[in-house]
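Working notes, beginning with the structure itself.
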Amino acid sequence: MTKPRARDLGLPFPGTPGPLNAITDVAGVAVGFCTLTDPAKKMRTGVTAILPRPATVPQPVWAGQYALNGNGEMTGTHWINDAGYFLGPILITNTHGVGAAHLGATRWMIGHYADYFAKEHAWAMPVVAETYDGVLNDINALHVQPEHAIAALEARSTGPVAEGATGGGNGMIAYEFKGGTGTASRRIELGGQGYTVAALVQANHGIRPWLTILGKPVGALMPEDALYTGEMGSIIVVVATDAPLSGLALRQLAKRAAIGIGRGGTPGGNNSGDIFLAFSTANEGPMPQFAPAVSARQELNIELLDNLYLAAVQSIEEAVVNAMVAGEDTPTVKPEGRICRGLDRRRLAEIFA
């Protein structure tokens with residue numbers, strides 16, 4: 001049975017979503033999951049894969065990165081900040097799975113871009129990000145292995161994106177409700193041209209009293225079965241667009257993720273890794289080392305981008321709620337014997353009725 005999403009419950013999110021209301025509304029972007037669940041092994045984890053371009057020839061995507069609070073990891077960002085682009089996939093997993101996922105992504109890149117790696121002095125620097133799933137998963141058992149990253153990449157699709165306990169989101173908690181993977185998109189017009197802006201989040205952040213949804217104090221209205229005394233999670237946000245943007249504009253776009261998650265109530269706790277990446281699929285072309293000495297790229301005038309920033313904020317806000325709306329009651333492993341509750345969809349709908 002298909003679970004309802006936040007809009008299906010009557011939540012009046014602003015803006016115009018794309019046909020899937022997902023990051024895959026940006027043409028060419030694919031998402032795949034490897035979800036690992038075995039209660040006998042206290043296993044509830046996985047890997048989420050995002051491939052910005054079809055895996056045919058090695059082409060960079062232009063990108064910008066920003067960290068609101070750095071208690072977390074996103075590999076490859078030093079180069080993104082210096083060069084303004086990256087090659088290959090984005091993977092999201094748990095904190096102790098970063099190395100395994102990075103190795104899996106590297107193997108996958110070497111295989112899919114075989115000529116490039118065989119003939120050139122090429123190197124793989126995939127983006128791998130994480131949030132901590134040690135409340136619902138035995139994170140120290142190192143369940144995530146390189147083959148799981150490869151499986152997530154091979155399972156990629158440009159269609160609807162499964163939310164909640166999928167891929168790396170399997171063991172995640174948001175505002176002390178079951179969290180995980182969420183996504184949303186917006187369609188906008190700039191300079192007479194239509195564009196898509198979309199987000200995918202791995203939501204594992206916040207405490208119950210902070211939770212606000214579209215101005216309603218949902219956390220205060222649903223205080224039961226809280227788990228924490230303070231912030232102990234993180235959130236990864238990936239923003240995709242087909243709008244042609246400069247590296248500066250993409251960094252500015254990534255910064256807006258702080259406002260998007262802030263609309264849900266989080267101030268960005270000290271123990272939270274709030275780390276964001278924005279990329280554009282526009283300006284397709286070869287790796288820079290193979291480009292002409294003088295290259296032409298299209299870029300939207302940065303003075304026109306306010307509505308694009310707003311679309312990103314709206315997408316992120318909705319994606320976080322979608323992640324929680326998809327949640328189901330889940331037993332904890334540390335400590336054992338408690339339940340991380342799924343957000344009560346009936347009560348949420350009644351709040352907005």
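The values are calculated or read from the model by the stated rules, or taken from the named source; none is laboratory data. It should be emphasised that the depicted structure is a prediction, and the values quoted were computed from it without experimental measurement. Cβ: placed from backbone, ideal geometry, glycine included. Neighbour counts: every protein chain shown.
Among the residues of segment 272-284, those identified as part of a loop (DSSP other than H, G, I, E, B) and in contact with a Gly (Cβ under 7 Å, 6 or more places away or on another chain) are Ser272, Thr281. The residues in segment 285-320 that are outside any helix (DSSP H, G or I) and in contact with a Gly (Cβ under 9 Å, 6 or more places away or on another chain) can be counted, and the count is 5. Cβ-Cβ distances below 7 Å connect the following pairs, each with a first residue in segment 3-18 that is within 25 Å of Thr241 (Cα to Cα), a second residue that is hydroxyl-bearing (Ser, Thr, Tyr), and a separation of six or more residues or different chains: Pro17/Ser185; Gly18/Ser185; Gly18/Thr196. Assessment of segment 238-249 against the conditions (in contact (Cβ under 8 Å) with a residue 40 or more places away in the chain, touching a Gly at 6+ places or on another chain (Cβ under 6 Å) and part of a helix (DSSP H, G or I)) yields at least one matching residue. Annotation note: Cβ proximity below 9 Å between a residue of segment 295-323 that is closer than 26 Å to Thr183 by Cβ and a residue that is buried (at least 24 other Cβ atoms within 10 Å of the Cβ) and of a type in the set (Asp, Glu) (sequence gap 6+ or interchain) occurs for Ala319/Glu163; Asn322/Glu163; Ala323/Glu163.
Results for (1) touching a helix residue (DSSP H, G or I) at 6+ places or on another chain (Cβ under 6 Å); (2) not aliphatic (A, V, I, L, M), shown as yes or no for each residue.
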site	(1), (2)
Val197	yes, no
Met222	no, no
Glu231	no, yes
Leu245	no, no
Leu250	no, no
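The C-beta contact set for segment 138-155 (first residue in a loop (DSSP other than H, G, I, E, B), second residue among the basic types (Lys, Arg) and modelled with pLDDT of 95 or more, distance under 6 angstrom, 6+ apart or interchain) comprises Asp138/Lys42.
Any chance segment 259-267 includes a residue that's in a helix (DSSP H, G or I), at pLDDT 95 or above and crowded, with 24+ Cβ neighbours inside 10 Å? Yes; the residues of segment 259-267 include at least one that is in a helix (DSSP H, G or I), at pLDDT 95 or above and crowded, with 24+ Cβ neighbours inside 10 Å. The one condition from (1) aliphatic (A, V, I, L, M); (2) outside any strand (DSSP E or B); (3) at pLDDT 95 or above that Val57 does not meet is (3). Restricting attention to segment 46-98, report how many residues are touching a Pro at 6+ places or on another chain (Cβ under 6 Å) and surrounded by fewer than 19 Cβ atoms within 10 Å (Cβ to Cβ). Going through segment 46-98 one residue at a time, the tally reaches 0.
Which of the residues spanning segment 205-252 are surrounded by 21 or more Cβ atoms within 10 Å (Cβ to Cβ), farther than 19 Å from Asp133 by Cβ and small (Gly, Ala, Ser)? Gly219, Ala240, Ala243, Ala249 - these are the residues of segment 205-252 that are surrounded by 21 or more Cβ atoms within 10 Å (Cβ to Cβ), farther than 19 Å from Asp133 by Cβ and small (Gly, Ala, Ser).
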